[in-house]
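Chemist: Mind looking over this structure? Questions follow.
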Ligand code: SF4
Ligand code: SF4
């Protein structure tokens, strides 16, 4: 850091710290922070909608006993043939059978030759058949003129195709690779690639598209060989391989776990709430990139990847690795789950950040104190050298035993270290101040004060207490949301 920057940061820190301490002292930070934390606008990455906050209109004054549709005669259920898509689907299967099969019906044969219930339906609704014929002709006409529009509407078309893919596709989404990456990652790629204005344009576009698919955070990194697994390649099997040349960049995306269930780890949380979101976002991004002419492969949790995510996300500027081995980001803390899409699109990579996580971790150690398995190191400084990189290392085997020791049987896991990490906080005013002030404090005093407050005002059940009896008491760091508490809804 240069001197000017240092001065700027100190000045900034002193100004903001003065303001912060005044505000904090006045308001009573712990209580006020707690209240602000329950404001649904602070639930980064899940938004108001996931909590019903968008259904804000008070309907009570307008409740009526009779629905506003008018019943004027004898009623009946809807026949499937009355549904436009089902009816048109039936007709399409007759007109355009799969493969080389001969059509089973043509418009020239007339309504009488249609099978039931189509025949009766169209005899009663002759205009509908004419309209369907017109729709088919229009669609064929448009397919013929697509060349005229395909450049102007390339992005809109790619974006909507990506959205439609999980619905139109067969089987799991995103589809898993088949064959080596040189075939698989290019399968379905648009033959034409328009000249990109610049790599910076590429990065901005891809980030915006990823946000629109639901990513909370997006960063771009060059793919480093060190982060690519060796010995197994999806779609090929157990092989040693060179990093494919077209894995030039990785678009790294992050989403949080649902906040309230995450705080109530291990019993009420699941990693899959974040994983399932990531699979959709990454899968759509893969389709989008292919649609605009680039090779793409999504790498998604829990196991469908060839790249280690945390170091890739560090390169992409999303955050830093904490003592617990999990990525810590300024926006989501350790409540950050990751996926990536590798591509040969020319992108401008982001730079890594340093917001002082390592320094904070060296004095915090809350995750190590709370870990039920004792898997997290207590050493002040990172002391392990892993494949040539120095960091804190967790004992994964011990951690896995705890995943299998918790009370809930599905989507087993623990995640206590994510829940207790002081960085895993919602986006309320007090954490906004802390987030801005702490990384600019060259003395470390601010973080020490915050940590002392954290340890004073938050209670932690402690290690084994998170486990079921006889080892523990199914304790959680935060209270479970009422919508996950069976006893609130059922007699048990
Ligand atoms: S997931 Fe649980 S057992 Fe594993 S390191 Fe974190 S706190 Fe420890
Ligand atoms: S709980 Fe504390 S020591 Fe552990 S990762 Fe978070 S900040 Fe670092």
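Chemist: Assess whether residue 235 counts as being away from ligand 1 (no atom under 16 Å from the Cβ) and at positive phi. Write out each step before concluding.
Modeler: Values: away from ligand 1 (no atom under 16 Å from the Cβ): yes; at positive phi: yes.
The answer is yes for residue 235.
Chemist: Going through the range 74-98 one residue at a time, which ones are over 19 Å from residue 125 (Cβ atoms) and more than 38 Å from the chain's Cα centre (by Cα)?
Modeler: 74, 75, 96, 97
Chemist: Can residue 466 be described as within 22 Å of residue 260 (Cα to Cα) and crowded, with 21+ Cβ neighbours inside 10 Å?
Modeler: Numbers: within 22 Å of residue 260 (Cα to Cα): yes; crowded, with 21+ Cβ neighbours inside 10 Å: yes.
Yes, satisfied.
Chemist: Does residue 406 meet the test of being under 21 Å from residue 267 (Cβ atoms), within 16 Å of ligand 1 (Cβ to nearest atom) and modelled with pLDDT of 95 or more? Full working, then the answer.
Modeler: On the way: under 21 Å from residue 267 (Cβ atoms): yes; within 16 Å of ligand 1 (Cβ to nearest atom): yes; modelled with pLDDT of 95 or more: no.
For residue 406, the condition - under 21 Å from residue 267 (Cβ atoms), within 16 Å of ligand 1 (Cβ to nearest atom) and modelled with pLDDT of 95 or more - is not met.
Chemist: Sort out for me the helices (runs of 4 or more DSSP H) sitting completely within the range 412-460 that have 3 or more residues that are within 16 Å of ligand 1 (Cβ to nearest atom) and modelled with pLDDT of 90 or more. Before you say what the answer is, go through the steps one by one.
Modeler: Working: elements: 416-420, 429-437, 445-457.
Per the criteria, 416-420.
Chemist: State which residue is nearest to residue 228 (Cα to Cα) when the search covers only the range 252-276 and only residues that are surrounded by fewer than 24 Cβ atoms within 10 Å (Cβ to Cβ) and under 13 Å from the mean Cα position of the chain (by Cα).
Modeler: 275
Chemist: Another question, if that's okay. Can you pull out every residue in the range 355-382 that is free of Cβ contacts under 8 Å to residues at least 60 places away in the same chain, away from ligand 1 (no atom under 14 Å from the Cβ) and in a loop (DSSP other than H, G, I, E, B)? First the steps, then the outcome.
Modeler: Taking the range 355-382 as the starting set, the residues that turn out to be free of Cβ contacts under 8 Å to residues at least 60 places away in the same chain are 358, 361-362, 365, 367-368, 373, 375-382.
After this cut, where a residue has to be away from ligand 1 (no atom under 14 Å from the Cβ) as well, the list is 358, 362, 379-382.
Answer for the range 355-382, where residues must be free of Cβ contacts under 8 Å to residues at least 60 places away in the same chain, away from ligand 1 (no atom under 14 Å from the Cβ) and in a loop (DSSP other than H, G, I, E, B): 379, 380, 381, 382.
Chemist: Quick one: which of 219, 188, 214, 202 is in contact with a strand residue (DSSP E or B) (Cβ under 9 Å, 6 or more places away or on another chain) and assigned to a loop (DSSP other than H, G, I, E, B)? Show your work before the answer.
Modeler: On the way: 219 fails: assigned to a loop (DSSP other than H, G, I, E, B); 188 fails: in contact with a strand residue (DSSP E or B) (Cβ under 9 Å, 6 or more places away or on another chain); 202 fails: assigned to a loop (DSSP other than H, G, I, E, B).
Testing whether each residue is in contact with a strand residue (DSSP E or B) (Cβ under 9 Å, 6 or more places away or on another chain) and assigned to a loop (DSSP other than H, G, I, E, B) leaves just 214.
Chemist: Can you name every residue in the range 325-371 that is within 12 Å of ligand 2 (Cβ to nearest atom), surrounded by fewer than 24 Cβ atoms within 10 Å (Cβ to Cβ) and under 15 Å from the mean Cα position of the chain (by Cα)?
Modeler: Hits for the range 325-371: nothing passes.
Chemist: Among the residues of the range 97-118, how many are touching a helix residue (DSSP H, G or I) at 6+ places or on another chain (Cβ under 9 Å) and closer than 19 Å to residue 135 by Cα?
Modeler: The qualifying residues number 7.
Chemist: So which residues in the range 353-377 are in contact with a strand residue (DSSP E or B) (Cβ under 9 Å, 6 or more places away or on another chain) and more than 18 Å from residue 438 (Cα to Cα), if there are any at all?
Modeler: Correct list: 377 only.
Conditions tested, residue by residue: (1) assigned by TED's automatic domain parsing to the domain that holds residue 289; (2) within 29 Å of residue 244 (Cβ to Cβ); (3) surrounded by 10 or more Cβ atoms within 10 Å (Cβ to Cβ).
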site: 99; (1), (2), (3): no, no, no
site: 103; (1), (2), (3): no, no, yes
site: 110; (1), (2), (3): no, no, yes
site: 120; (1), (2), (3): no, no, yes
site: 125; (1), (2), (3): no, no, yes
site: 161; (1), (2), (3): yes, yes, yes
site: 177; (1), (2), (3): yes, yes, yes
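Chemist: Find the residue count for the range 383-402, including only residues that are more than 10 Å from ligand 1 (Cβ to nearest atom), within 21 Å of residue 418 (Cβ to Cβ) and free of Cβ contacts under 8 Å to residues at least 60 places away in the same chain. Please lay out each step first, then the result.
Modeler: First, pick out the residues of the range 383-402 that are more than 10 Å from ligand 1 (Cβ to nearest atom): 383-393, 397.
Then drop every residue that is not within 21 Å of residue 418 (Cβ to Cβ), which leaves 384, 386, 391-393, 397.
Next, only the ones that are free of Cβ contacts under 8 Å to residues at least 60 places away in the same chain stay: 384, 386, 397.
Selection size over the range 383-402: 3.
Chemist: With the requirement that a residue be modelled with pLDDT of 90 or more and within 14 Å of ligand 2 (Cβ to nearest atom), what does the range 377-395 give you?
Modeler: Passing the criteria: 377, 378, 379, 380, 381, 382, 391, 392, 394.
Chemist: If the requirement is being away from ligand 2 (no atom under 13 Å from the Cβ), in contact with a helix residue (DSSP H, G or I) (Cβ under 9 Å, 6 or more places away or on another chain) and within 26 Å of residue 44 (Cα to Cα), which of these qualifies: 413, 374? Step through it out loud before you land on a result.
Modeler: On the way: 374 fails: within 26 Å of residue 44 (Cα to Cα).
Within the list 413, 374, the selection yields 413.
Chemist: Only one residue in 463, 478, 472 is at pLDDT 90 or above, touching a helix residue (DSSP H, G or I) at 6+ places or on another chain (Cβ under 7 Å) and farther than 26 Å from residue 44 by Cα, so which one is that?
Modeler: Details: 463 fails: at pLDDT 90 or above; 478 fails: farther than 26 Å from residue 44 by Cα.
None of the others qualify; the one that does is 472.
The values are calculated or read from the model by the stated rules, or taken from the named source; none is laboratory data. This is a predicted model, so every value here is computed, not measured. With ideal geometry, Cβ positions are generated from the backbone for all residues, glycine too; neighbour counts draw on all protein chains shown.
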